[in-house]
Amino acid sequence: MSEIVSGDILDLQVKSKESSKWILSNGEIDVPINESEAPQDVQVGDTIKVFMFKDRRGSLSATSALPHITKDTYGWARVLKTDEREGSYVDIGSAREVVVKSFDLPVLKELWPTTGDHLYMTLRTDFHGSLFGRLITEEKVAESFIEAPTSVFNENLKARAYRLLPVGSFLITVPQGYRIFVHHTEQLAEPRLGEEVEVRVIGVKEDGSLNGSMLPRKEERLMDDAETLYRYIQDMGGKMPFTDKSSPDEIYDMFNLSKASFKRALGKLMKERKIEQKDGWTTVKSDI
């Protein structure tokens, strides 16, 4: 007897019509498909391609809405919702959602995916024959990632996290499919599993994988620091009792900046003739 199980994609013949269901068959096993799940112009005797799944009652059923992820392939599945006990329910492109179980998600729940994130996964069946999603392993990523050209160095790429470790985050770029690792020292904050972030390429390795950073470039940080200081001075009425002569502790306590970063930001503002320093004060120039 030819076995039919959840997750199979099969060509089955339309055997008959029963109420609001069509009955499909492989010649040995009959499987129902709701009328709403079948092609609109289907007729008895037609052969249609269907995706098999267990319905809410645990019975095998079919749909002609085929998923873009199967038991033999991996792909990105969009997170529909996350349940604290069960895990993340994802859209696999079919009419049926599947769950990535909680044991496959990070230990820290604040790193669990939220609605709109994407998980890189495949399909599996449990001992009841029900479908669930399983995250891609590092071994599978190593077999399948696209080797990046050296020309991507210093580019900003979109990427989604597929594995999170204390040492850093492992991501796959979209849509290219490059593998990129971001060390924890190159992160302002750890991304959620499946979160899409922007990563700057800081290294192209011999195997075609990448090293990346989620920190802003030096010139971008300088612009941000200078803008923060300028807004602070304006909010204080156009002057502040801090200059490049202030102590490192005072600067860090007030602005969370090192003295070197503080002086670079002040220097940028003075070069732009936005501020001046005198008698222990930094003030907005009146002729701006």
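Considering only the stretch 49-105, give the strands (runs of 3 or more DSSP E) lying wholly within it that have at least 1 residues that are loosely packed, with under 15 Cβ neighbours inside 10 Å and in contact with a His (Cβ under 8 Å, 6 or more places away or on another chain).
On the way: elements: 60-63, 75-83, 87-91, 97-101.
Strands (runs of 3 or more DSSP E) meeting the threshold: none at all.
Anything in the stretch 134-148 that is touching a residue at least 60 places away in the same chain (Cβ under 8 Å) and either surrounded by 17 or more Cβ atoms within 10 Å (Cβ to Cβ) or acidic (Asp, Glu) (or both)? List them, or say none.
Correct list: 136, 145, 147, 148.
So is residue 105 within 27 Å of residue 195 (Cβ to Cβ), in contact (Cβ under 8 Å) with a residue 40 or more places away in the chain and not acidic (Asp, Glu) or not?
Details: within 27 Å of residue 195 (Cβ to Cβ): yes; in contact (Cβ under 8 Å) with a residue 40 or more places away in the chain: yes; not acidic (Asp, Glu): yes.
For residue 105, the condition - within 27 Å of residue 195 (Cβ to Cβ), in contact (Cβ under 8 Å) with a residue 40 or more places away in the chain and not acidic (Asp, Glu) - is met.
Considering (1) in a strand (DSSP E or B); (2) in contact (Cβ under 8 Å) with a residue 60 or more places away in the chain; (3) within 16 Å of the chain's Cα centre (by Cα), say which one residue 123 fails and leave the rest.
(3)
Among the residues of the stretch 45-55, is any of a type in the set (Asp, Glu) and in the same structural domain as residue 125 (by TED's automatic domain parsing)? Spell out how you get there, then give the answer.
Of the residues in the stretch 45-55, the ones of a type in the set (Asp, Glu) are 46, 55.
Restricting the remaining residues to those that are in the same structural domain as residue 125 (by TED's automatic domain parsing) gives none.
The answer is no; no qualifying residue exists.
Out of all the residues in the stretch 267-288, which are more than 15 Å from residue 236 (Cβ to Cβ), modelled with pLDDT of 85 or more and of a type in the set (A, V, I, L, M)?
Answer for the stretch 267-288, where residues must be more than 15 Å from residue 236 (Cβ to Cβ), modelled with pLDDT of 85 or more and of a type in the set (A, V, I, L, M): just 270.
Being touching a helix residue (DSSP H, G or I) at 6+ places or on another chain (Cβ under 7 Å) and assigned to a strand (DSSP E or B) is the requirement here; does residue 171 meet it? Talk me through it step by step, then tell me what you get.
Details: touching a helix residue (DSSP H, G or I) at 6+ places or on another chain (Cβ under 7 Å): no; assigned to a strand (DSSP E or B): yes.
Criteria not met by residue 171.
Taking the options 70, 47, name whichever one is touching a residue at least 40 places away in the same chain (Cβ under 8 Å), farther than 20 Å from residue 112 by Cα and of a type in the set (S, T, N, Q). I'd like the intermediate steps shown before the answer.
Working: 47 fails: touching a residue at least 40 places away in the same chain (Cβ under 8 Å).
70 is the lone residue from the list that is touching a residue at least 40 places away in the same chain (Cβ under 8 Å), farther than 20 Å from residue 112 by Cα and of a type in the set (S, T, N, Q).
With (1) under 30 Å from residue 87 (Cα atoms); (2) surrounded by fewer than 18 Cβ atoms within 10 Å (Cβ to Cβ); (3) in contact with a Pro (Cβ under 8 Å, 6 or more places away or on another chain); (4) not aliphatic (A, V, I, L, M) as the list, and residue 192 as the residue in question, which single condition is left unmet?
The one condition residue 192 does not meet is (2).
Can you tell me how many residues in the stretch 221-266 are part of a loop (DSSP other than H, G, I, E, B) and among the charged types (D, E, K, R)? Break it down into steps so the answer makes sense when it comes.
Residues of the stretch 221-266 part of a loop (DSSP other than H, G, I, E, B): 236-238, 241-247, 256-258.
Those still in the list that are among the charged types (D, E, K, R) too: 244-245.
Final tally of qualifying residues: 2.
For residue 166, indicate whether it is surrounded by fewer than 16 Cβ atoms within 10 Å (Cβ to Cβ) and in contact with a Gly (Cβ under 7 Å, 6 or more places away or on another chain). So that I can check it myself, show each step before the final result.
Working: surrounded by fewer than 16 Cβ atoms within 10 Å (Cβ to Cβ): yes; in contact with a Gly (Cβ under 7 Å, 6 or more places away or on another chain): no.
It is false that residue 166 is surrounded by fewer than 16 Cβ atoms within 10 Å (Cβ to Cβ) and in contact with a Gly (Cβ under 7 Å, 6 or more places away or on another chain).
In the stretch 179-188, is there at least one residue being at pLDDT 95 or above and of a type in the set (Lys, Arg)?
yes
Out of curiosity, is residue 202 β-branched (Val, Ile, Thr) and in a helix (DSSP H, G or I)?
Against the criterion (β-branched (Val, Ile, Thr) and in a helix (DSSP H, G or I)), residue 202 does not qualify.
From the list 64, 36, exactly one residue is modelled with pLDDT of 90 or more and not aromatic (Phe, Trp, Tyr). Which is it? Break it down stepwise before answering.
On the way: 36 fails: modelled with pLDDT of 90 or more.
Only one candidate passes the filter, namely 64.
Out of the residues in the stretch 144-168 meeting the condition of being polar (S, T, N, Q) and outside any helix (DSSP H, G or I), tell me which one is farthest from residue 196 (Cα to Cα).
Filtering first and then ranking leaves 154.
The values are calculated or read from the model by the stated rules, or taken from the named source; none is laboratory data. This one's a predicted model, so the numbers in the text were calculated from it and none came from an experiment. Every residue, glycine as well, gets a Cβ built from its backbone with ideal geometry; the counts of neighbours run over all protein chains shown.
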